[in-house]
Amino acid sequence: MALTKTDVVFALSSVQDPELRSPITELDMVGDITVSDSNLEVQITLTIVGCPAADSIEAHTRTALLAVAGERTLDLTLGS
């Protein structure tokens, strides 16, 4: 099955920032998304440096992405 950027954004819409209680897709935290036959690369931009919710956001983001990645290698980058 072909994976599109839209599919990835839809999967990420289930990930909420636990402090702001909004989806990361609505908080403009989703950066570049690159989908190929073998890789899924996603950049997430945290709202602040040293974000206390970073571990939670990363874990939930990774879970959501792995659910749609299929056999692709996941490359998840978090920045601020």
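Here residue 12 does not fit the description of being in contact with an Asp or Glu (Cβ under 9 Å, 6 or more places away or on another chain), under 13 Å from residue 74 (Cβ atoms), at pLDDT 95 or above and surrounded by 13 or more Cβ atoms within 10 Å (Cβ to Cβ). Going by the structure shown, is residue 52 in contact with a helix residue (DSSP H, G or I) (Cβ under 8 Å, 6 or more places away or on another chain) and farther than 23 Å from residue 2 by Cα? No, not satisfied. Filtered by the rule that a residue be over 16 Å from residue 14 (Cα atoms) and surrounded by fewer than 14 Cβ atoms within 10 Å (Cβ to Cβ), the range 56-73 gives 70, 71, 73. Contact annotation: residue pairs with Cβ atoms under 8 Å, 6 or more positions apart or on different chains, pairing a residue in the range 1-28 that is more than 11 Å from residue 65 (Cβ to Cβ) with a partner that is charged (D, E, K, R) and assigned to a loop (DSSP other than H, G, I, E, B), are 13/26. Residues in the range 28-58 that are modelled with pLDDT under 95, hydroxyl-bearing (Ser, Thr, Tyr) and outside any loop (DSSP other than H, G, I, E, B): 45, 56.
Among residues of the range 15-27 being in contact with a helix residue (DSSP H, G or I) (Cβ under 7 Å, 6 or more places away or on another chain) and modelled with pLDDT of 95 or more, the one that is surrounded by the fewest Cβ atoms within 10 Å (Cβ to Cβ) is 25.
The values are calculated or read from the model by the stated rules, or taken from the named source; none is laboratory data. These figures come from a predicted structure and were not determined experimentally. Cβ atoms come from the backbone with ideal geometry, glycine included; neighbour counts cover every protein chain shown.
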